[in-house]
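K.L.:
This is the structure I have questions about; it appears just below.
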Amino acid sequence: MKKTTRIAAVAALAASALALSACAPSAPPEAGGGEATASSETLTIATTTDVVNYNPLIGNSRSDYWITNLMYPHLLSIADDGSKEAQVATKWGYVDETTGYYEIRDDLSWSDGEKLTAEDVAWTMNAVKQDQPSGTFYGQLANFESAEAVSDTRVEIQLTQPDSSIVEEIGFWGNVVPQHVFEKADSVANFPNDGSDGGWVSAGPYVLTDVQVGQSYSMDRVDDYPLIEGGTPSSAKVVYRVFPDINTEILALQSGEVDVIANALPPAQVKTLQNTPGIEVEESVGLGYAHMTYNMTKPDLAKVEVRQALAHAVDYDAIRKVVLQDQAVSTGSSPLMPVLADYYDKSIKEYKFDTDLSRELMEKAGYTADGSGMFPVSFRLIYSLQDSVTSQWATLVKDSAAKAGITIELQGTERNTYLAQTNAGDFDIYAGNFAIMDDPVTNMTLAYLPDGAINYSYVDDPELNELITTASATTDKDEKIKLMQEAAAIVNENVYDNIMYTQNLYFAHSDKWTGFVSKPSELLSIVNPISVASAHLK
Amino acid sequence: MSLWSFVLRRFGRGILTIWFAVTVTFLLLRLLPGDPALAVASPNMTDEAREALLTQYGLNQPLIVQYGLYLWQLVQGNLGVSFTQSIPVLDVLMQRLPWTLLLTGTALVFTVLVGVPLGVLAAARRGTGWDRLVQIVGVTGQSLFVPSVGVLLLFTFGLTLGWFPIGGAYTNGTYGGEWYLSVIQHLVLPATSLVLIQLGSYVLTMRSTLIDALGEDYTTLAHANGMPPRRVLWKHALRNALLPTTTLIGLQLGFLVGGAVLTETVFAYPGIGRGIFEAVTQLDFPVLQGAFLMLALTVVVINMLTDLVYGLLDPRVKTS
Amino acid sequence: MSAMKGERMSSPTDSSTDTGAGPDAGTTAGVDPAETAAATDAATGQPADASENAERDRAAVASTGAEPVATESLRASAATWRAFRKEPLGLLALAVMAVLVFVAVAAPLLAPYPGSYGDTVLEGPTGAHWFGTDSLGRDVFGEVIWGTQQSLLVAVLASLIAIAVGTLVAVVGAYFRKLDGPISVLVDLMLSLPVLPLMILIAALVGPSTTTIILVVAAFSWPEVTRIVRSQALTVVGLPYVDAARLMTTSPAWIITKHIIPAVTPVIVVSVVVTASRAVLSAAGLAFLGLGDPNTWSWGRILYEAQQSGAMSSAWWLTLFPSLAILALVLSATLLSIAYNDARNPKSRRR
């Protein structure tokens, strides 16, 4: 007995000792005296996933976005109503129809001492256009031709055709990366930016210094960050810690091991945590929407009555009340959500939940119910199982449709299968959501024009196409709003899209901390650079 | 059979095992549905961008060419580059492997330390209340659902009592001795839950092997020689009963390395099992291939070690 | 000798056809990821068991000559049952199993199928909702009851498939010696695959559904069955009465069904229970990782939804009841197989 145990023990100990000594961190050199206003505190933030890629031009997951956001600033930020705010850029707009410009701050520099100039901005845009990295940034560059730094603080971009949204969209979605670091790579599309070549360089409030995959990402303060009051971030360190299970994450917040949970709380937990001593819950307005689209390439769904019947067979109130715990707002079944105050059109009303009306519409479309009251149709609704809110309301949609005599077959799949199905149009009904739909023209271009990347209803309506293309070239805001409202009315009437709600999001943090600045959507929430840099102990 | 031919045969079998695991993984990834380009990119990617990604990943070539290239790279010791992280697969795996070894190794040592004596106790007093109690404890342990136990342990010892930290492998910002202490503190709860669920196998194996061994001739002989029963139990029978236990250790360690996904998820432990799960969700083919290769390698190496230990332990070998 | 012994330990494929599987049967436990599936170890409960029985059977055969197997096995089962009745744990386990099967079959009588939502969310156990409500206000009692049905279905079907395939492969291998070599190698290779990670991979790629889960669990369980059954079958094939049968008929199917299958049945019985309970844990594990069937209630799905809604620690009833159900099934299955083994084994019977 002793022998085996001893052998096993020795083997295990030897292996672990070896492994551990490889992992053991060495103490950092003592830092010099801190700033008077800044603290020596560490802000610990919990997230559910690891960083997949440190290159902000590639990364697509939440953690990637949150962490790289603290190092690679955006030209523009966003307000609660979707309008853009100054960040690195102080002024932006159009020189003429096919030329846009950004004026940038002159007081920003990278953490290695290099100045952040218009050259960095222009180089980033051109590199993304050329190398086509897979992130969101490249998707915004459809009408972009090239960028040029006309001075140290001014960038001008050339467009292939008039596009009145692109300046703001690029400014909001695109990061600025340091040319002197990223240009060493052959292509920004496969540059890992994993710090293996002398560490990271940041122009944000913090710079990544240490990574333990699966466990933590440690970031140190960059002393000079002019975007906040005082010019110096408050906490000395920010540590992102990975908790794959949200239950463990909540326990860690309660025990004080983490100070903030970066991901939005599940709706049912908001009330519980609001009532938990030691925890405060902040609200972020949603700027996106959840929706269902009906695949119009299918003969049944090509009929407008069938789509209307389906739209009237959804108990929207129940979904918002039960699944979302009243944390969502109706969009009035229009792509122009109330949160986009300038665009919102009160006259467009939500589809009424009325199964009798649905039955009438089905009969009008030429279907006859059988003895058990069911129509001879069956639709396959796809959703991602990783999206827990959608997974929950999918069942409600199925049950209420059954009341209207329409069979819906649920097909929840793993995210990758779902994306593949979506891409291939392999569905009758698609359910999903978008985190930020800040600019109606851009969104409608993607969602309703025949070759749009997210045109999941495969709609091709000449009248709608005309309105969207005209709006896209229109710089006059009032005119643009009018066109968008007309387009939204068409989408609503024909059920080209069934937009159900905008979810407001809730984020929990320890009540020892204060000073968070909440921004819309889960991407920014209370872990946007300004908020993280301003948060401090009470 | 000479020692060398034995070693060669074992080695050949090891290579075959690894080849099989590698090939199964390769084929599963490519023949089952799933498009890595979609998993990586944002939904509004153009078709050309998608094609470019597939070309970059080498997934546009015929299957047989991909397979040939893959094996050729493998022979040269090249595991490829991660699709999503753009860094070598070996680096991706080595970031997590040490923690997995630490966690499973620790759990294993404690399982054996607790399980073997319990098994002996049950066998020595078989049919009594002790026997039943030990069986029930062992069997209950292995019937538990890991995440439920995990949350219970975290809630009780992490939050309510505050004895142990919640999640992670160590405390950030600790160095030297303090760091090692924090590593141990973080290890306690996940290791406990692994010990709980593994314990049963050892207890029951030990118990039933001993029951048989106690009946075998040479123990009877020892009785006849006038050795005290307790010594017979511990010395002879136990030594014999350890053989299957050794095999059990070998097999379980091999599979624990990749199989502790649930434990690692709940306790937020940065191990390889969780890494594999994430690679699955990202359809990161090279990382998955590398991970499965590494698991196969672990199994082969541990099997060889087990054989070695087995030879050392078998009493019949010594007498012959 | 040391080398031979070592080889046999870790690879049951070796040509040692004598008493065979002693240690092999004992190692079945290790084959699965201890996490989801430690239940296999029931077989471990009796590691020396197979060889034990082989010897016993040989002795029995020797004493009864070439008597038809049926009478002998009847007598043996009667003896087993007499011994089993004296095992309180075994009887208790049998009762729990019976209750679970009843719940699964009578689910429609016990609780209405859980609706899509209810009035009060995350409410603790009350008179109206015995097991409380979940984050959509659905009745957890109903979910557990209906979950029993799906969980048992997965368990039974997965283990039946695994047993059918595993036994067939084992028996064919044992009977046709030429096939035994390749089959042994294949089984050995299958057993060295990392089971849980592969299950995750396949379930994620193929798409989660009850069918997928059943097939995936079965696909990774049959080699173990083959391993256990094979060693038993090999001993039987080597016995005089099978040789005699070979002289009397040319139909291998007849010999296999008449002589070999009955002889390996006791081993199969244990395997069924063990594989079934392991299937439950595996299915729950997959469901917890989001790879379960989203359209049918299962114990794993209740736990998964509790996890997704972040309610596992604050709403204890969401975690407790499905976990207890899993515990009850796996525990009773394991105890049952131990008791059955003990009852069959004359050595542990003798007290």
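K.L.:
Here is a check on your reading of the model: is B:S148 hydroxyl-bearing (S, T, Y), within 11 Å of chain A (Cβ to nearest Cβ) and not in a loop (DSSP other than H, G, I, E, B)?
P.N.:
Answer is yes for this residue.
K.L.:
Hey, which of the helices (runs of 4 or more DSSP H) in region C:222-288, taking only ones fully inside, have at least 2 residues that are small (G, A, S) and surrounded by fewer than 24 Cβ atoms within 10 Å (Cβ to Cβ)?
P.N.:
Passing ranges, in order: C:240-248.
K.L.:
When you go through B:I87, B:I64 one by one, which is the residue that is at negative phi, open to solvent by less than 20 Å² (accessible area, probe 1.4 Å) and without any contact (Cβ under 8 Å) to a residue 12 or more places away in the chain?
P.N.:
B:I87
K.L.:
Another one. Out of curiosity, is A:G93 modelled with pLDDT under 90, surrounded by fewer than 22 Cβ atoms within 10 Å (Cβ to Cβ) and farther than 22 Å from A:Y240 by Cβ?
P.N.:
So A:G93 fails the test.
K.L.:
Among the residues of region B:160-179 satisfying the criterion of being surrounded by 20 or more Cβ atoms within 10 Å (Cβ to Cβ) and aliphatic (A, V, I, L, M), which is nearest to the chain's Cα centre (by Cα)?
P.N.:
Here the answer is B:A169.
K.L.:
Checking the conditions here, which among C:I302, C:I338 is within 14 Å of chain B (Cβ to nearest Cβ) and within 30 Å of A:A394 (Cα to Cα)?
P.N.:
C:I302
K.L.:
Filter region B:164-198 down to the residues that are without any contact (Cβ under 8 Å) to a residue 12 or more places away in the chain and of a type outside the set (V, I, T) and list them by number.
P.N.:
Passing the criteria: B:N172, B:G173, B:Y175, B:G176, B:G177, B:E178, B:W179, B:Y180, B:L181.
K.L.:
Let me ask you something else. Can you give me the number of residues within region C:186-218 that are under 23 Å from B:L297 (Cβ atoms) and of a type in the set (A, V, I, L, M, F, W, C)?
P.N.:
13
K.L.:
Can you run down the residue pairs with Cβ atoms below 7 Å, 6 or more apart or on separate chains, where the first is in region C:90-118 and under 30 Å from A:V397 (Cβ atoms) and at pLDDT below 90 and the partner is charged (D, E, K, R) and surrounded by fewer than 19 Cβ atoms within 10 Å (Cβ to Cβ)?
P.N.:
Qualifying pairs under 7 Å: C:S116/A:D399.
K.L.:
Let me confirm something: among A:V239, A:V188, A:V207, A:V260, which residue is aliphatic (A, V, I, L, M) and touching a His at 6+ places or on another chain (Cβ under 7 Å)?
P.N.:
Being aliphatic (A, V, I, L, M) and touching a His at 6+ places or on another chain (Cβ under 7 Å) holds for just one of A:V239, A:V188, A:V207, A:V260, which is A:V260.
K.L.:
Another one. If only one of A:S40, A:S111 is in a loop (DSSP other than H, G, I, E, B), over 15 Å from A:G174 (Cβ atoms), out of contact with any helix residue (DSSP H, G or I) (no Cβ under 7 Å at 6 or more places or on another chain) and within 14 Å of chain B (Cβ to nearest Cβ), which one is it?
P.N.:
None of the others qualify; the one that does is A:S40.
K.L.:
Name the residues in region C:157-180 that are among the β-branched types (V, I, T) and surrounded by fewer than 18 Cβ atoms within 10 Å (Cβ to Cβ), would you?
P.N.:
Within region C:157-180, C:V165 is the sole residue that qualifies.
Conditions (1) hydroxyl-bearing (S, T, Y); (2) open to solvent by 20 Å² or more (accessible area, probe 1.4 Å), marked per residue:
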residue: A:A420; (1), (2): no, yes
residue: A:Y430; (1), (2): yes, no
residue: A:Y458; (1), (2): yes, yes
residue: A:A471; (1), (2): no, no
residue: A:T475; (1), (2): yes, yes
residue: A:A488; (1), (2): no, no
residue: A:A508; (1), (2): no, no
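K.L.:
Out of (1) part of a helix (DSSP H, G or I); (2) open to solvent by 10 Å² or more (accessible area, probe 1.4 Å); (3) under 19 Å from C:L329 (Cβ atoms), the odd one out for C:F131 is which?
P.N.:
Checking C:F131 against (1) part of a helix (DSSP H, G or I); (2) open to solvent by 10 Å² or more (accessible area, probe 1.4 Å); (3) under 19 Å from C:L329 (Cβ atoms), the one that fails is (1).
K.L.:
In contact with a strand residue (DSSP E or B) (Cβ under 8 Å, 6 or more places away or on another chain) and within 14 Å of chain B (Cβ to nearest Cβ): does that describe C:P197?
P.N.:
Against the criterion (in contact with a strand residue (DSSP E or B) (Cβ under 8 Å, 6 or more places away or on another chain) and within 14 Å of chain B (Cβ to nearest Cβ)), C:P197 does not qualify.
K.L.:
Of all residues in region A:510-522 being of a type outside the set (D, E) and surrounded by fewer than 21 Cβ atoms within 10 Å (Cβ to Cβ), which is nearest to A:D439 (Cα to Cα)?
P.N.:
A:S518
K.L.:
Scan region A:368-398 residue by residue and report those that are in contact (Cβ under 8 Å) with a residue 60 or more places away in the chain and either farther than 30 Å from A:T49 by Cβ or of a type in the set (A, V, I, L, M) (or both).
P.N.:
Hits for region A:368-398 are A:V377, A:F379, A:L381, A:V389, A:L396, A:V397.
K.L.:
Can you confirm whether region B:250-264 contains a residue that is under 27 Å from B:A123 (Cα atoms), under 19 Å from the mean Cα position of the chain (by Cα), in a helix (DSSP H, G or I) and modelled with pLDDT under 70?
P.N.:
yes
K.L.:
It is to be established whether one or more residues within region B:96-115 are touching a Cys at 6+ places or on another chain (Cβ under 6 Å), within 7 Å of another protein chain (Cβ to nearest Cβ), open to solvent by less than 30 Å² (accessible area, probe 1.4 Å) and not charged (D, E, K, R).
P.N.:
Yes, because at least one residue in region B:96-115 is touching a Cys at 6+ places or on another chain (Cβ under 6 Å), within 7 Å of another protein chain (Cβ to nearest Cβ), open to solvent by less than 30 Å² (accessible area, probe 1.4 Å) and not charged (D, E, K, R).
K.L.:
Give the residue, chosen from A:A185, A:A189, that is buried (at least 23 other Cβ atoms within 10 Å of the Cβ) and outside the structural domain of A:D64 (by TED's automatic domain parsing).
P.N.:
Checking each option against the conditions leaves just A:A189.
K.L.:
Only one residue in C:M199, C:M190 is under 30 Å from B:Q282 (Cβ atoms), open to solvent by 10 Å² or more (accessible area, probe 1.4 Å), under 18 Å from the mean Cα position of the chain (by Cα) and not acidic (D, E). Which one?
P.N.:
C:M190
K.L.:
Here's a check for you: in region C:119-138, which residue that is without any contact (Cβ under 8 Å) to a residue 60 or more places away in the chain and within 14 Å of another protein chain (Cβ to nearest Cβ) is farthest from A:K398 (Cα to Cα)?
P.N.:
Checked region C:119-138; the qualifying residue farthest from A:K398 (Cα to Cα) is C:E123.
K.L.:
Looking only at region A:30-43, decide whether some residue is more than 30 Å from A:L340 (Cβ to Cβ), crowded, with 22+ Cβ neighbours inside 10 Å and modelled with pLDDT of 95 or more.
P.N.:
Yes: one or more hits.
K.L.:
Another question, if that's okay. Restricting to region A:422-441, give me the number of residues that are within 10 Å of chain B (Cβ to nearest Cβ), within 30 Å of A:S284 (Cβ to Cβ) and part of a helix (DSSP H, G or I).
P.N.:
Total satisfying the criteria: 2.
The values are calculated or read from the model by the stated rules, or taken from the named source; none is laboratory data. The model shown is predicted, which means the values in this text are computed figures rather than measured ones. Because the Cβ atoms are built from the backbone with ideal geometry, glycine has one as well, and the counts that use them run over all protein chains shown. When the accessible area is computed, the model is the full protein with side chains, heavy atoms only, and any ligands, DNA or RNA have been set aside. Shrake-Rupley method; radii C 1.70, N 1.55, O 1.52, S 1.80 Å.
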